[in-house]
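Below is one structure, written out as structure tokens, with a few remarks after it.
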């Protein structure tokens with residue numbers, strides 16, 4: 001990683017870096033899953049959603065707080081409505097069913113395997129990994145935003 005990039009974040013605490021990484025990653029998920037008109041459907045309930053509304057969220061299949069190693073895994077996170085994400089415990093049965101349709105059973109089984117391994121290990125983000133995630137998803141957001149004519 002470039003020394004200038006590391007220097008740019010030198011005064012940031014790890015928790016601040018993590019929050020910034022989460023913000024950019026979640027923005028990427030919403031951009032990725034929306035069409036050019038800013039519309040998408042919830043992975044769990046298939047309800048229609050609009051980009052840049054409070055109801056359009058990046059919902060984790062395996063919760064990022066409990067499974068840190070899957071927090072920034074693109075296969076683990078998809079657009080989800082606020083009602084499913086917050087109030088219906090992610091509507092997890094429908095999420096799984098629709099996730100298999102979207103990314104395939106083998107990839108979902110890989111997520112299952114990673115989550116199972118996570119239970120046996122201790123995982124903690126370091127500054128450099130978080131800086132890299134910030135920079136990767138900031139770049140991806142700008143590219144996708146330009147491609148879809150969205151303001152980033």
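Worth pointing out:
- For the chain: Kirkwood Rh in Å [reciprocal of mean 1/r, alpha carbons]: 16.3 Å
- For segment 1-75, the equivalent ellipsoid derived from the Cα gyration tensor has semi-axes of 28, 15, 10 Å, listed largest first.
- The calculated FRET efficiency for the pair residue 37 and residue 142, based on their C-beta separation and a Förster distance of 22 Å, comes to about 0.65.
- Between residue 149 and residue 93, the FRET efficiency from the beta-carbon distance, with R0 = 35 Å, is close to 0.45.
- Relative contact order of segment 3-145, taken over Cα pairs closer than 8 Å and 6 or more residues apart, is 31 percent.
- Label separation (residue 110 vs residue 52): 3.3 nm, computed from points 7 Å beyond Cα along the C-beta direction.
- Distance in nm between pseudo-label sites at residue 5 and residue 121 (7 Å out along the Cβ direction from Cα): 2.2 nm
- Inter-part distance, segment 95-141 to segment 4-40, computed on C-alpha centroids, equals 15 Å.
Every read-out reported here was derived from the displayed coordinates using simple, explicitly stated rules and does not represent laboratory data. If you're wondering where the values come from, they're calculated on a predicted model, not measured in any experiment. Please note: Cβ atoms are built from the backbone with ideal geometry, for glycine as well, and neighbour counts cover all protein chains shown.
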